[in-house]
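The values are calculated or read from the model by the stated rules, or taken from the named source; none is laboratory data. All figures in this text were calculated on a predicted structure; none of them were measured in a lab. So basically every Cβ, Gly included, is an ideal-geometry build from the backbone, and we count neighbours across all protein chains shown. Calculation scope for accessible area: heavy atoms of the full protein, side chains included, ligands and nucleic acids excluded. Shrake-Rupley method; radii C 1.70, N 1.55, O 1.52, S 1.80 Å.
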Amino acid sequence: MVFQMQPYGIQSMLKEGHRHLSGLDEAVLKNIDACKQLSVITRTSLGPNGMNKMVINHLDKLFITNDAATIVNELEVQHPAAKILVLAGKAQQEEIGDGANLTISFAGELLENAEELIRMGLHPSEIISGYTKGIDKTVEILNELVESGSENMDVRNKDEVILRMRAAVASKQFGLEDILCPLIAEACIQVCPKNPANFNVDNVRVAKLLGGGLHNCSVLRGLVLKSDVVGSIKQIEKAKIAVFAGGVDTSATETKGTVLIQSAEQLENYAKTEEAKVEELIKAVADSGAKVIVSGAAVGEMALHFCERYKIMVLKISSKFELRRFCRTTGAVALLKLSQPNPDELGYAYSISVEEIGGVRVTIVKNEEGGNTVATVVLRGSTDSILDDLERAVDDGVNTYKAMCRDSRIVPGAAATEIELARKLKEFSFKETGLDQYAIAKFAESFEMVPKTLAENAGLNAMEIISSLYAEHAAGNTKVGIDLQEGVCKDVSTTNVWDLYVTKFFALKYAADAACTVLRVDQIIMAKQAGGPKRDPAAGMDED
């Protein structure tokens, strides 16, 4: 006779197969360790000299990049605590579009320092309390470091835009910022609406064409479609445009029907009526004044024949996202079926032409006159990886422009702000009483991660750099940062490295919030995973 032991405690409450981790060693320190591992990955990619990561995702797609947002997106992090850091990085990417690396690396550094405090005997609650005071004080000091006069800015002044954009673009493409920034600034200024706060990032498009080099890059007003026109008409100017989302072809009837044909004559007449019907539809479009037909689906042979006869240019755009952008550029309304459009449903383009760029035929839709709603940056490069990385740099530049339209204040870059924050927070921690002061001191120490990482990634002696930065700042030179090219400390107003205030503000705030969230966890309870065979995750969707 076998006596079965009855489960007791938490085992009796939860289903068989669950996992339960609690206490400092099992839950808190393991969580911190997972977050540290993630920040170690992103940290070496911080700054202009950041190293690239080669990430191969679940679909075997290769990414070579130093963009932290792309890296953590493609890594598919499983650990729940590390996921909190990933979410903080994503929030930063969505809010500002730059600074995701700072968010994740700084949060990892805060947790690493918290681990030391826990081993010293502090309770996580005391650390959280100190970190909360630390971030509040940081925001206060950050406001004092804002460059005076930077809050008033003309977002259509190219030089001012480039000044604020340089640091963001240089962190992705160091050495190429002087070529890329003027292009991005020009594209952004072209599509900037009357009220800059309504700037839409989607209005700056990127066309990646293999071949050539960076000096072949250019900005075009209007949209660049990576396809040729369907017919033989390759160029047209000052044209009205009709857009048909459902394709330009003879449509089948709604209901199924059978046609009984008894003689060859009837068959001939049947074909003629079809022909006449298509001609009638195309003629109706031509009569409305449209010189260009854009189709969202297939273009029939017969329809194309009549379009040629009526001297109508035919474009085919199969992506519905691209079709929407085309409608936005030209002001056209996409019609579902081939029929005569009303005058207010027609769009207008100054010129549509087919050009060859680096052996690739592209269609350029220009809208020079009046306000322009879309601008395209044409990027040239030798490989797809280089083009993808250039696109990310452009994307960061455009997002920075959107952020400066909201708030144009700037703070010194090149780790000058971080060292000043570290110095002032250290002073603040000495004035605090109680155990919070240790946490605030560690919070201040965490800022040293930025100059340390920047120096290490550039192959410089980090200790020397940090001590000379502290010495300069203690002497009152609050704008002294690292000049990575010469490997010395310099005033950032001479090197022109400025960071946007909002980027710093949100990055540090999200990092502190993420670190505090991880520290608040003292138990991990995992239910048994649902049964059934494991299914492959869905294939990656189109980014648009």
Those residues of segment 441-465 that are in contact with a Pro (Cβ under 9 Å, 6 or more places away or on another chain), in a helix (DSSP H, G or I) and touching a residue at least 12 places away in the same chain (Cβ under 8 Å) come to a total of 3
For segment 91-109, the count of residues that are surrounded by fewer than 24 Cβ atoms within 10 Å (Cβ to Cβ) and modelled with pLDDT under 85 equals 4
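This table checks each residue for (1) within 30 Å of Thr383 (Cβ to Cβ); (2) open to solvent by 20 Å² or more (accessible area, probe 1.4 Å); (3) of a type outside the set (Asp, Glu).
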{"residue": "Val139", "(1), (2), (3)": "no, yes, yes"}
{"residue": "Val169", "(1), (2), (3)": "yes, no, yes"}
{"residue": "Cys188", "(1), (2), (3)": "yes, no, yes"}
{"residue": "Ser227", "(1), (2), (3)": "yes, yes, yes"}
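Quick check on Ala444: is it open to solvent by less than 30 Å² (accessible area, probe 1.4 Å), farther than 19 Å from Ala471 by Cα and either over 25 Å from the mean Cα position of the chain (by Cα) or of a type outside the set (Val, Ile, Thr) (or both)?
Taking the combined requirement at face value, the residue does not satisfy it.
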Looking across segment 493-513 at residues that are under 20 Å from the mean Cα position of the chain (by Cα) and among the hydrophobic types (A, V, I, L, M, F, W, C), the single one that is farthest from Glu144 (Cα to Cα) is Ala511
The lone condition Val146 fails out of (1) in contact with a Lys or Arg (Cβ under 9 Å, 6 or more places away or on another chain); (2) more than 17 Å from Leu379 (Cβ to Cβ); (3) of a type in the set (Val, Ile, Thr); (4) at pLDDT below 80 is (4)
| query | Within segment 438-450, is even one residue within 25 Å of Arg119 (Cα to Cα) and among the hydroxyl-bearing types (Ser, Thr, Tyr)? | reply | yes
Subset of segment 112-160, residues under 27 Å from the mean Cα position of the chain (by Cα), closer than 30 Å to Glu186 by Cα and of a type in the set (Ser, Thr, Tyr), comes to Ser150
- Is segment 422-437 home to any residue that is in a helix (DSSP H, G or I), in contact (Cβ under 8 Å) with a residue 24 or more places away in the chain, within 19 Å of Ala475 (Cβ to Cβ) and open to solvent by 10 Å² or more (accessible area, probe 1.4 Å)? yes
If we keep only residues of segment 453-475 that are out of contact with any Leu (no Cβ under 7 Å at 6 or more places or on another chain) and of a type in the set (Ser, Thr, Tyr), then the residue nearest to Glu427 (Cα to Cα) is Tyr470
Checking Glu322, Glu369, Glu355, Glu345 in turn, the sole residue that is charged (D, E, K, R) and either in contact with a Gly (Cβ under 8 Å, 6 or more places away or on another chain) or modelled with pLDDT under 75 (or both) turns out to be Glu369
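So that you can scan it fast, the table gives a plain yes or no per residue for (1) out of contact with any Asp or Glu (no Cβ under 6 Å at 6 or more places or on another chain); (2) modelled with pLDDT of 80 or more; (3) aromatic (Phe, Trp, Tyr):
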{"site": "Leu176", "(1), (2), (3)": "yes, no, no"}
{"site": "Ile179", "(1), (2), (3)": "yes, yes, no"}
{"site": "Ile189", "(1), (2), (3)": "yes, yes, no"}
{"site": "Pro193", "(1), (2), (3)": "yes, no, no"}
{"site": "Pro196", "(1), (2), (3)": "yes, no, no"}
{"site": "Phe199", "(1), (2), (3)": "yes, no, yes"}
{"site": "Val206", "(1), (2), (3)": "no, yes, no"}
When every residue in segment 466-497 that is assigned to a strand (DSSP E or B) and touching a helix residue (DSSP H, G or I) at 6+ places or on another chain (Cβ under 6 Å) is compared, the one surrounded by the most Cβ atoms within 10 Å (Cβ to Cβ) is Ile482
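Taking segment 118-128 as the search range and keeping residues that are over 11 Å from Phe443 (Cα atoms) and among the hydrophobic types (A, V, I, L, M, F, W, C), which one is surrounded by the fewest Cβ atoms within 10 Å (Cβ to Cβ)? Show your work before the answer.
Of the residues in segment 118-128, the ones over 11 Å from Phe443 (Cα atoms) are 118-126.
Narrowing the set further to residues that are among the hydrophobic types (A, V, I, L, M, F, W, C) leaves 118, 120, 122.
On the way: Ile118: 19, Met120: 10, Leu122: 18.
Checked segment 118-128; the qualifying residue surrounded by the fewest Cβ atoms within 10 Å (Cβ to Cβ) is Met120.
Considering segment 362-398 alone, what residues qualify as being open to solvent by 10 Å² or more (accessible area, probe 1.4 Å) and either touching a helix residue (DSSP H, G or I) at 6+ places or on another chain (Cβ under 6 Å) or closer than 23 Å to Ala242 by Cβ (or both)?
First pass over segment 362-398, keeping only residues open to solvent by 10 Å² or more (accessible area, probe 1.4 Å): 366-373, 380, 382-386, 388-389, 391-392, 395.
If the condition is that a residue be open to solvent by 10 Å² or more (accessible area, probe 1.4 Å) and either touching a helix residue (DSSP H, G or I) at 6+ places or on another chain (Cβ under 6 Å) or closer than 23 Å to Ala242 by Cβ (or both), then Lys366, Asn367, Glu368, Glu369, Gly370, Gly371, Asn372, Thr373, Arg380 are the ones that fit.
Based on what the data block shows, is Val314 open to solvent by 10 Å² or more (accessible area, probe 1.4 Å) and more than 21 Å from Asp202 (Cβ to Cβ)? Explain how you work it out, then say what you get.
On the way: open to solvent by 10 Å² or more (accessible area, probe 1.4 Å): no; more than 21 Å from Asp202 (Cβ to Cβ): yes.
No, not satisfied.
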A careful count of residues in segment 213-239 that are assigned to a strand (DSSP E or B) and on the phi > 0 side of the Ramachandran plot gives 1
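Every residue, every condition in (1) assigned to a helix (DSSP H, G or I); (2) charged (D, E, K, R); (3) in contact with a helix residue (DSSP H, G or I) (Cβ under 6 Å, 6 or more places away or on another chain), yes or no:
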residue	(1), (2), (3)
Asp60	no, yes, no
Ile64	no, no, yes
Ala69	yes, no, yes
Gln78	no, no, no
Val86	yes, no, yes
Gly89	yes, no, yes
Gln92	yes, no, yes
Asp98	no, yes, yes
Ser105	yes, no, yes
Those residues of segment 194-217 which are over 17 Å from the mean Cα position of the chain (by Cα), under 21 Å from Glu160 (Cα atoms) and open to solvent by 40 Å² or more (accessible area, probe 1.4 Å) amount to Lys194, Asn195, Ala197, Asn198
